[in-house]
Structure formats: structure tokens, C-alpha cells
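Only one structure is covered here, and it is reproduced in the block below.
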Amino acid sequence: MKAVVLKRGREKSLMRRHPWIFSGAIARVEGKPRRGETVDILAAEGAVLARGSYSPASQITVRVWTFDPQEDVSPEFFHGRLERAIDSRRALIADEGPHGVRLVNAESDALPGIIVDRYAEFIAVQFLTAGAEYWKGAVVGELSRLMGVSGIYERSDADVREKEDLPKLAGVLAGREPPDLVEIREGPCRYLVDLKRGHKTGFYLDQRENRGMMGEFARGADVLNCFSYTGGFGIAALHAGAARVTNVDSSASALELARKNAELNGLDASSLEYVEGDVFTVMRRWRDAGRCFDLIVLDPPKFAESQSQLMRASRGYKDINLLAFKLLSRGGTLFTFSCSGLVSAELFQKIVADAALDAGREAQIVRRLAQASDHPTLLSFPEGAYLKGLICRVG
Ligand code: SAH
């Protein structure tokens, strides 16, 4: 059997069921495994601890498929894992509505590198690691058997594939090609999703529950939706009775789809404004002009991709939060997020606290937010918890 043998004492994280083995923990590789192939993982003393996929190009050289060394990694294995992940979302997909729901959340569903998102009758998938790529055919086959869908579309065009030395890929894997826009429903909101070209697999499903929080806070508010993408938080705010929404994003195509989404929801166009530009610049301009808002959403892209970017990322978060505190009217509400896994919840809260202090505003946390329940975090894999947010009320 092909195998990796760990250095003495380096099996500790594995014993705690963490699914990653870094290159530095490996003493030697036996049997010349090919990229993506399944290997046994052996302790220095020789005991087989687990089985995983081999990725020679990545710092994360092995990702565990199973902690049971007797278990075969085969199409049946993927059938079982996929079925378990889908079953655990049964409550979310119980009604027949056109959902947007994450069915498989990679490591946290014990399927490292595999993301499966369902948008109405279509499925978008990502195979982000060598092991996931290796088993793509089996995964797509089992998914087709498990879910009655019209088509499965691959969105393996994420940058992380480069770390695995895999090319970026996108296209139909099974069934029909999805139309350019697929409609989903989220509570009272309807959204068009560009699953072939949009960010990630087309939509920020991880913010579903947080968009839902607009119901409690947006009534009557003049809302500033920063980093709006296709308008998600803004549309949820208007459904919740907001007076006005201003969407700011640097992407013209995202704003164009935001307009279509507003129309689809039958919202009054005069209550919406779209600003194409850099959030930092736009907010600074409005601060200088003395403009203010009752509710501000800050949902920026990932500022920290690596440890070396952490300082710069922290300054970025501080800047936008400081500007937001300056732009908030008395008694206003801030929804502020970070999706950088490297920025811990504690660090993020500290940055937001510093921003309020510098802005001279007193603020309370009224709620802590995280990614939606279909993006679970395996307890033994805390890295899975990347999205954190705070709802703050200023005095
Ligand atoms: N809140 C959205 C998701 C936001 S994703 C939702 O719930 O759907 C982040 C968005 O920020 C992207 O649309 C990207 O185009 C935009 N963006 C990134 N950097 C920006 C900048 N400096 N100024 C304005 N928009 C930016």
C-alpha cells in the first residue's frame, strides 16, 4: 500500500481528528503515490492511523478521508458521505421551493476539498484539492444518484487550486447547462444567481441567516450596503421595511445584477441607489460631506489571505469600521463582518472596538453573527469557522 509515514510525535493533531497533515510532519513517502491518490497514514512506530489523499504540491500534503484504517475509499464511500451531508440539511430543503443551500461543506462534512451548493434545480460544485479532483467522477456520479437535479456545473476556478498545482476548470459535469441566471428564494426575498460566472459558486449562501436579521433592524432605516455584490442585504432590508438602500460595490456587473434583483422583487426603484466605486473612497467622501445613515452593512471580501497580510488586513478592517461609525446616525446600527479565517473573532471585535473609540462613538454589541447552519464547522477543525460578524448599536 502507498503510504506516508509521520515523524515521531507528529501524530498528535491526527489523534485529535484534525484532517490536515503538513509536509513538515512527514518523515517519508512510500510507494510513489500519484497526485490525489489514497495513502495510508502511519505513525513513526508503524501503526496505521487513517487514510487520506496525497497532494505533493501543497503544504497540506495529506487530507484525511477516513480515520478508520479499514475503510475503503471508493465510490460507495463517497455515496455514504454525501448522503450524510445532504440528510443533515433535510430541514432546509424540506419544502419544494427554489432553495440556495450548501449541501457539502468540505472538511466540516468530512469531504476535504469538496463544496456542493444547490441553486433550485441546479448544483454547483468545487473540487479544490488534489484528492477531490481525483475522485471527481465518482462524486458527480453519486451526487446525480442522490439528488434529482437538472444539471451539475463545475466551478473549480478558485485561486486555491493553484496551491495544489491544479488548473482552473469550469463547465458542465452532468445533465443540462444551467441558464445564465438561476432564481432562488430566501425567506421573502428572491435572488438571481449567476452560478456560471458569479463569485464562489454564484452567491454568498453563508450570509443567508445574517441577511435574515434585517427583519429585526432595518424597519424605516436609510441603509448603506457596502460591498453589496448582487444586492443581498439591501433587498432583505427593503423587504423588512427599510426606507432607502444605497448599494456600493466596485463591480459594475454585480451592481447590474443587483438592479435586476430589485426589479424581480418588485421593489420601488426610487428607494434604491447604486454607486460603483471603492468603498474606502466613497465612505470618506460622504464623511467629509456629512452624510449619514441609520444602518450600515460592511461585508468586505477576504482581506487576509495569509499570515503576512494580517497587519494590513487589520488596518483595512479598522478603516472601514471607523468610517462607518462616523457615518452612522444617533442610535444607528452597524452590521460588520470579516470572512478572513486568519482574523479571529476576538481580534475582529478588538478592531471594531478600536474603530468606535477613534470615531468617538460609544457602541454596544447587540448580536454576534457567524456563517449559516449549512456551513457547519467540525469541532475538530476550527479553521472551518471563517465568517464572523457583529451587530453594533451606537449611542
Ligand atoms: N454582501 C454580499 C457579498 C459581498 S462579497 C452578499 O451578501 O451577497 C464582496 C464584494 O465586495 C464583491 O462584490 C466585490 O466586488 C466587492 N469589493 C471588493 N473590494 C471592494 C472595494 N474596495 N470597494 C467596493 N467593493 C469592493
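Shape analysis of the chain yields a ratio of the Cα radius of gyration to the Kirkwood radius, Rg/Rh, of 1.00. For a test of the definition: using alpha carbon positions, the gyration tensor, and the 1.5 limit on a/c, classify the range 62-199 as rounded, prolate or oblate. In terms of gyration-tensor shape, oblate.
Note on Glu162/Glu209: beta-carbon distance plugged into 1/(1 + (r/R0)^6) with R0 of 35 Å gives a FRET efficiency of 0.65. Counting other Cβ atoms within 10 Å, which trypsin sites (Lys or Arg not before Pro) in the range 39-130 have at most 12 and lie in a DSSP loop? Counting only loop positions with at most 12 other Cβ atoms within 10 Å, the trypsin sites (Lys or Arg not before Pro) in the range 39-130 are Arg90. Near Ile26, the amide H atoms lying under 5 Å from its own belong to Lys7; only residues 5 or more places off or on other chains count, and H is placed 1.01 Å from N.
Between Asp319 and Glu273, 0.36 nm times their residue separation minus their Cα-Cα distance comes to what? So the extension gain works out to 14.2 nm. Here the gap between Ser150 and Met15, fully extended at 0.36 nm per residue and compared with their Cα-Cα distance, gives a gain of 44.5 nm.
Couplings for the range 158-165, taken from phi via the Karplus curve 6.51 cos²θ - 1.76 cosθ + 1.60 with θ = phi - 60°, read 7, 4, 4, 4, 4, 5, 9, 6 Hz in order; Gly and Pro are left as x. Each residue, Ser253 and Arg197, gets one label point 7 Å from its Cα in the Cβ direction; the gap between the two is 0.4 nm. The 3J(HN,Hα) values that the Karplus relation (6.51, -1.76, 1.60; θ = phi - 60°) gives for the range 246-252 are, in residue order, 10, 9, 10, 7, 7, 9, 5 Hz. Gly and Pro appear as x. Rounded to the nearest 10 degrees, the inclination of helix 136-146 to the longest alpha-carbon principal axis of the chain is 70 degrees. So, in Å, what gap is there between the alpha-carbon centers of the range 214-277 and the range 287-340? Computed from Cα coordinates, the inter-centre distance equals 18 Å. Neighbour counting of Cβ atoms within 10 Å sorts the residues Ile235, Ile391, Ile152, fewest neighbours leading, into Ile391, Ile152, Ile235. Full extension of the segment from Ala243 to Val29, taken as 0.36 nm per residue of separation minus the current Cα-Cα distance, would add 70.8 nm.
In the chain, the DSSP beta bridges split such that about 65 percent are antiparallel, to the nearest 5.
Taking the mean number of other Cβ atoms within 10 Å as a proxy for protection, how do you rank 375-387, 300-312, 123-135 from highest to lowest?
Final packing ranking: 123-135, 375-387, 300-312.
The numbers here are math on the coordinates, done by the rules we state, and not lab data. Remember, it's a predicted structure, so these values are computed and weren't measured experimentally. Positions of Cβ are backbone-derived with ideal geometry, glycine not excepted, and every protein chain shown enters the neighbour counts.
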